Structures are given as structure tokens and as C-alpha cells.
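The values are calculated or read from the model by the stated rules, or taken from the named source; none is laboratory data. Keep in mind that this is a model prediction, so the values were computed, not measured. FYI the Cβ positions are ideal-geometry reconstructions off the backbone, even for glycines, and counts take in every protein chain you see. Accessible surface is based on the protein model in full, side chains and every heavy atom, while ligands, DNA and RNA are left aside. Shrake-Rupley method; radii C 1.70, N 1.55, O 1.52, S 1.80 Å.
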Amino acid sequence: MDKLNIVEGRAYPFGMKNVDTDIVIPAHWLKTISRAGLGKGAFEVLRKEPGNVFDDPEYAGSPILIAGDNFGCGSSREHAAWALADLGIKVVIAPSFSDIFSGNAFKNGILTVVLPQEAIDRLMEVAKTDPIHVDLEHQTVTTQFQDRFQFEIDPFRKHCLLGGLDEIGLTLGQADTISQFEAKDAGARPWLVPAVA
Amino acid sequence: MVNPRTLYEKIWDAHVVERRPDGTCLIYIDRHLVHEVTSPQAFEGLRMAGRPVRRPDLTLAVPDHNLPTTPRRDAQGNRIPIADPESAQQLAALERNAPEFGVRLIGDADREQGIVHVVGPEQGFTLPGTTLVCGDSHTSSHGALGALAFGIGTSEVEHVLATQTLLLKQSKTMEVVVEGELGFGVTPKDVALAICGRIGTAGGTGYVMEYRGSVFRDMSIEGRLTVANMSIEAGARSGLFAPDEKTFAYLKDRPMAPKGADWDAAVAYWKTLATDEGAQFDKTVVIDAADIVPNVTWGTSPEDVVPVTGVVPDPESFADASKRAAAQKSLDYMGLTAGQRMEDVTVEHIFIGSCTNSRIEDLRAAAALLKGRHIAERIKQALVVPGSGLVKQQAEAEGLDRVFTEAGFEWREPGCSACLGMNPDKVPAGERCASTSNRNFMGRQGPGSRTHLVSPEMAAAAAITGHLTDVRELLKEKQGEVVA
């Protein structure tokens, strides 16, 4: 996973509420057996609308997406995160995210930033003309107009994103602890194993 | 004496492998269901890193999303090729990956095949008090049996395959209490839709729900599966029911459920799981059963719920500006106008199926209404898709297949079907479907498709009349026929 700390650039002033992962990437794109190339299908339905932000040359290649409440609700498809990553998006800023989506985004090196609606409204304005600066280390979103918004992030997620760490590798480092749990649990709840004979 | 705990807290505590200073826990996963759509990249990741599946004996693979619901084998038993090369490729990947990593696969033409969330409970793979995950958001379904079950993304699928654990933060708890008795013609699906309508699709975000109160205690396991299934539509990754005598009766003698002395020990343990008297929930939502009526959705979010006897809401009636804009966008997409009576909305397609409503009780309820009747002339396609091969077999033994086909329905092979546009079962652009599935998102049933979420009974009613219909009227007629 690539390390992530400072992201600066233009942002898609998207802002739509309750964007479900079917909108981020429709189901017919889920037939791939690879993680790459899904940017082509990102927001496919919305991109049929003339004047949509994703096809506006003004925002082409923006590393930041500004979204509305409850972004990424619905299906658990990680393809939504892969599609955003493939578009080149590294940070999504919204008033709230679905739990599953923000987990998926994080595991693909995408930072999800939660800010209050007033901050989102302001950033939507700025994004139309100017870049936005995200600093993970200091947990801030700033603009060249003195705007400065502080955000919260889970310390473990921050640590992994900053270091580009592979979570599976980290957990496998605790294989002994997992084995001890399994041995203890086999005594306490012997009926659980095996699940499939 | 330990502090009183909720069902969720008891399951959580029993699965903590390691607690970190920041509160993140490494949680052990007892059961992992794998399907063809969200697993190829996970197996690929393991292969690239040279990692095995840690516990193939706790893992079960079943294809469901991509499979056509037309016959899969010819008379000689040879596979009928899947027309879509990408669907065929995903199925082939699962068929290759499962044996390579030692995972048991229920094949596409096996009698036990079906939608993962129907197969898990049916096989007794799903058990109370377990942690169960699957790369599919409707994994919340398994909470009906008292399993802490939730959907995960593909990176987490890979993490569970490799380590049998997940790194998680404990969720907040929400009790959803429905007391009283459900009215005539009101089903578990209507309860689920009522909850989505009440709290909204983000209402449960960050929470694990527990369904409490007499309505849920009295509900069958099939009904509980429908309600738990739609927890995610209200934002909650998991929705739990306390295991009770109904749960035990449902699970006893299922192929993968414990047997003999193991069974007795398991039941004794399961009886300790219910939320303790005095345990605190972070949030409580109370709904009076008497207020729940047969519901339909009007828009493109499962929270867009109105009584079938109601009208399409006026976007101007919503308080905040972004909701008004969203409602107008939904109405434009759905081809509806504010004030239009829901019962005047005509439909061209009927879909009875999906992990929400494809179990035997759902099929029985729809068939009871359809018996001796025929679908309306304007219906272009009416599909009934059993949730598993075993549901199909049971339905056929009861003669339900004939009731459906005589009424003009197509009787199909088990799978996810028209719930999502991944297989040939789709609703064409601009056409309208009364559907027993769980999501009415834009394009969910195919590009441009328009979905109205309803119960199986309401889908059958719409099939008969050709428009959204208050099932209670038809049920009364039906009762009249019986009396006469």
C-alpha cells in the first residue's frame, strides 16, 4: 500500500447525499477478477448527465472528492474503493460515511475525512476554483483562504496510512496469540469445530 | 457479579483475541461465507503473498450472484455454458480457488446451492453466539439466529482467510422495540420497511441493532431473517435477535449444526446469550406494531417508504434543501409525480426472491394469494426464484411451483437473480418492478430500472392487478372465497 500524508490538489465538488455504492460502481462492473481498471465505471450513471463534475475538464484528475452525508451506503463492494482509487482519488471528505465503505477505503489507502456540514459547504465553494490541502499527520484540511478544519481519525488507521502498512502482515505477526485463543475456545465451545465436515 | 450486558456485548467479549490500548480489538471469526463476486481478488492476494487459508474448516464457498436462474445442466448432466463471459470467469475463479485453498464449495448445480444468506442458516452453518462474516452487506441476515454477522469488503475477506480474525472497534448498541401485534396482512417485510422509513438509511450507522419486543419474539425464523437482512438498509452492519426455543428448533438436526452431547452443550450456552435485565443500549427506537401497515417504496432509497394506501410525497414537504433535491431527483428517475396514489402506479415486472424474501414461508404466502388467480395482462415478466435448491425442492413437494406457473409466473433455479443487475435477470430501462428484494437504488435491477420494494404478498397482489395493490383487499376476497 502506498504511504499517504499530504494530499494537495483540486477536488471534485460533488456533495451529493446518500451516495450508495451502486452509484459509485454499478453491479455489472463487479464481474472483474482484478482490482484495476474500475475507474472507467465510476459514477457511470451520473456521468450520463451533461455537466457532471466527473467529466468536467476543470476537475480532471483531482485527488480529492467532496461528498454529502452517508457516502458509500448500501452494498459492501470494495469495488467502490477500487474505482475511486483508479480515478486517482486519495481523500474523500464528507459529513459522514457508511461504516463498511470507510473501512474499505482505508484498506486501499484512501483517507476518509469527516467534517461538519458547514465545513463541507465551504470546501464545496473553494473547490470550484482553487485547490485544497489535506495533511494527515496534523489532521487538517486547509485552503489558501485561511480556512482550517481539524478532523479526527482512528490512531491505528492513521499509523497504517502514514506508513503504507499491510494489515494482514501485521496480524500474521500475532499468529501465536490467535492460536492460543483457538486452543482456549476449543475447550469452551467445542461444538463450533469443524463447521464444514 | 459482572455488569449486565447486551447480547452483542456478550458475543463481542467472547471473541476478543487481543484488546489494544486504543480500544481496537482483534476479533476471532467463527464462520466465513465466500461467494464468487467479492472473493477473487482476496484469493489472488493470498496467492501472491504465498499465504494459506488459516481455517478452511470454518469457511464455506457458494456461488450465487452471477448464476443465471435458468437450468444449469442439460439432460446429460453437462454444464450449460453461461453466456456472459465475465460471469463465467468469476464462477470459474471460485471453482478453482476453493479446492486450491482447501475450502468446501457447494457447486452451482448442487441441491444445497443457493443464496449464501439462505444456505448458511439452512445448513446450520450459522449458529447463535458466533461471529460470521461474508463479503456481502446482507450478511446481517444471520443475526436472525443470534449470530453477530456482518458484511465485509474484499480486503477484509482476505484478512479473514489469512488470519481468521478482523481488527474492529466495538459498535454502539441500538434496541429496536416493536410491541403489540401486527395487523391483518402486515408482514415482517413491512416491519423492516417501517424501520428504514423511521430511522433512515443512515440511522443505524455505527450501531449494532437488537430487535426486541413481542412482535419479534412472536416472529418465525424466516420472518426474523427478513428483518435482520434489512438492518443494513437502515445503516446497521448487524441486527441481532436473541436465540430462543424457535431458534433451537429451527437449527436442530441441520446438516452442519452440532449433534448429540455437543448439541446439548451448545443449547445450554446459547441460553445464556440473551441481553441481561438492566443492560443499557446507547439508543432506543420504539415502534407501535399497530402503526405498521403494508408498505411500499416510492423513491430510490429504502427509507423512501409510504403505506400502500398513501400517495407519492411532495418533495417540497421535506424540511431540508438537500432532501428536497434528492426527492425530486428520485421522482424524476422513478417517473412519478407528487400526490399520485401509490395504488395507481402500474408495474410491468414482478420479482419474488432475493436473500430478503426467498424462503419457504415467503413462497407459501405468495402462492396462497395466487392460487386460482392469474397475473394481469400488462405484466411482462413475473419471476419467482427460490433462495436455495432445498427451498425449491420443498416448494415443489408442496405443489407451490404449479401454483406459480399456473398463475403465469416463471419458476427458476436458485440465485440472487433480479435483486441486482449481475446476471441475465434484469428489469429493462424505464420499466417498473414490484420486488421483494432489499434495494431500490437507481439502476439496481438493471440500468434505468424502477423498483418498488414490497413483501411477497404485496408482490403477488401487484402481479394479479398489474398495479401496486393493498394486499388486504385481496386477502379479504380470498377469505370470502374460502367461506363461500
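Taking the condition open to solvent by less than 20 Å² (accessible area, probe 1.4 Å) and either of a type in the set (Ser, Thr, Tyr) or without any contact (Cβ under 8 Å) to a residue 60 or more places away in the chain (or both), does residue B:78 pass? Walk me through it before giving the result.
Details: open to solvent by less than 20 Å² (accessible area, probe 1.4 Å): no; either of a type in the set (Ser, Thr, Tyr) or without any contact (Cβ under 8 Å) to a residue 60 or more places away in the chain (or both): yes.
Considered against the rule, which asks whether it is open to solvent by less than 20 Å² (accessible area, probe 1.4 Å) and either of a type in the set (Ser, Thr, Tyr) or without any contact (Cβ under 8 Å) to a residue 60 or more places away in the chain (or both), residue B:78 comes out as no.
For the condition touching a helix residue (DSSP H, G or I) at 6+ places or on another chain (Cβ under 8 Å), among the small types (Gly, Ala, Ser) and open to solvent by 20 Å² or more (accessible area, probe 1.4 Å), what is the one hit in B:368, B:382?
Numbers: B:382 fails: open to solvent by 20 Å² or more (accessible area, probe 1.4 Å).
Selected residue: B:368, the only one of B:368, B:382 that is touching a helix residue (DSSP H, G or I) at 6+ places or on another chain (Cβ under 8 Å), among the small types (Gly, Ala, Ser) and open to solvent by 20 Å² or more (accessible area, probe 1.4 Å).
Can we say residue B:88 is among the small types (Gly, Ala, Ser), surrounded by fewer than 17 Cβ atoms within 10 Å (Cβ to Cβ), facing chain A (nearest Cβ under 10 Å) and at negative phi? Talk me through it step by step, then tell me what you get.
On the way: among the small types (Gly, Ala, Ser): yes; surrounded by fewer than 17 Cβ atoms within 10 Å (Cβ to Cβ): yes; facing chain A (nearest Cβ under 10 Å): yes; at negative phi: yes.
The answer is yes for residue B:88.
Of B:58, B:67, which residue is out of contact with any Cys (no Cβ under 9 Å at 6 or more places or on another chain) and within 13 Å of chain A (Cβ to nearest Cβ)? Before you say what the answer is, go through the steps one by one.
Details: B:67 fails: out of contact with any Cys (no Cβ under 9 Å at 6 or more places or on another chain).
Testing whether each residue is out of contact with any Cys (no Cβ under 9 Å at 6 or more places or on another chain) and within 13 Å of chain A (Cβ to nearest Cβ) leaves just B:58.
Do you know which of the residues in the stretch B:157-178 that are open to solvent by less than 10 Å² (accessible area, probe 1.4 Å) and more than 7 Å from chain A (Cβ to nearest Cβ) is farthest from residue B:21 (Cα to Cα)? Outline the logic, then answer.
Quick first cut of the stretch B:157-178, residues open to solvent by less than 10 Å² (accessible area, probe 1.4 Å) only: B:157, B:159-166, B:173-174, B:176, B:178.
If we keep only those that are more than 7 Å from chain A (Cβ to nearest Cβ) too, we end up with B:157, B:160-161, B:166, B:173-174, B:176, B:178.
Details: B:157: 25, B:160: 22, B:161: 26, B:166: 16, B:173: 21, B:174: 25, B:176: 31, B:178: 38 Å.
The selected residue is B:178.
Give the residues of the stretch A:177-197 that are open to solvent by 30 Å² or more (accessible area, probe 1.4 Å) and within 11 Å of another protein chain (Cβ to nearest Cβ), sorted by residue number.
Once the filter is applied, which keeps residues that are open to solvent by 30 Å² or more (accessible area, probe 1.4 Å) and within 11 Å of another protein chain (Cβ to nearest Cβ), the stretch A:177-197 yields A:177, A:179, A:180, A:182, A:184, A:188, A:190, A:193, A:194, A:197.
Please give the number of the condition residue A:89 fails out of (1) assigned to a loop (DSSP other than H, G, I, E, B); (2) surrounded by fewer than 22 Cβ atoms within 10 Å (Cβ to Cβ).
With respect to (1) assigned to a loop (DSSP other than H, G, I, E, B); (2) surrounded by fewer than 22 Cβ atoms within 10 Å (Cβ to Cβ), residue A:89 is out only on (2).
Restricting to the stretch B:241-260, count the residues that are open to solvent by 50 Å² or more (accessible area, probe 1.4 Å) and part of a loop (DSSP other than H, G, I, E, B).
So the answer is 5.
Say we look at the stretch B:261-282 and pick out the residues that are more than 14 Å from every other protein chain (Cβ to nearest Cβ) and open to solvent by less than 80 Å² (accessible area, probe 1.4 Å); which of these is nearest to residue A:191 (Cα to Cα)? Write out each step before concluding.
Initially, the stretch B:261-282 is screened for residues more than 14 Å from every other protein chain (Cβ to nearest Cβ), giving B:274-282.
When the remaining residues are screened for being open to solvent by less than 80 Å² (accessible area, probe 1.4 Å), the result is B:274-276, B:278-279, B:281.
Working: B:274: 19, B:275: 22, B:276: 24, B:278: 30, B:279: 28, B:281: 30 Å.
Step by step, filter the stretch B:261-282, then rank; the result is B:274.
Hey, among A:7, A:53, A:45, which residue is touching a residue at least 12 places away in the same chain (Cβ under 8 Å), on the phi < 0 side of the Ramachandran plot, surrounded by fewer than 23 Cβ atoms within 10 Å (Cβ to Cβ) and at the interface with another protein chain (Cβ under 7 Å from one of its Cβ atoms)?
Details: A:7 fails: at the interface with another protein chain (Cβ under 7 Å from one of its Cβ atoms); A:53 fails: at the interface with another protein chain (Cβ under 7 Å from one of its Cβ atoms).
The unique qualifying residue is A:45.
Among B:115, B:29, B:106, which is the only one that is touching a residue at least 24 places away in the same chain (Cβ under 8 Å), under 30 Å from residue B:280 (Cβ atoms) and buried (at least 20 other Cβ atoms within 10 Å of the Cβ)? It would help to see each step written out before you state the result.
On the way: B:115 fails: under 30 Å from residue B:280 (Cβ atoms); B:106 fails: under 30 Å from residue B:280 (Cβ atoms).
Checking each option against the conditions leaves just B:29.
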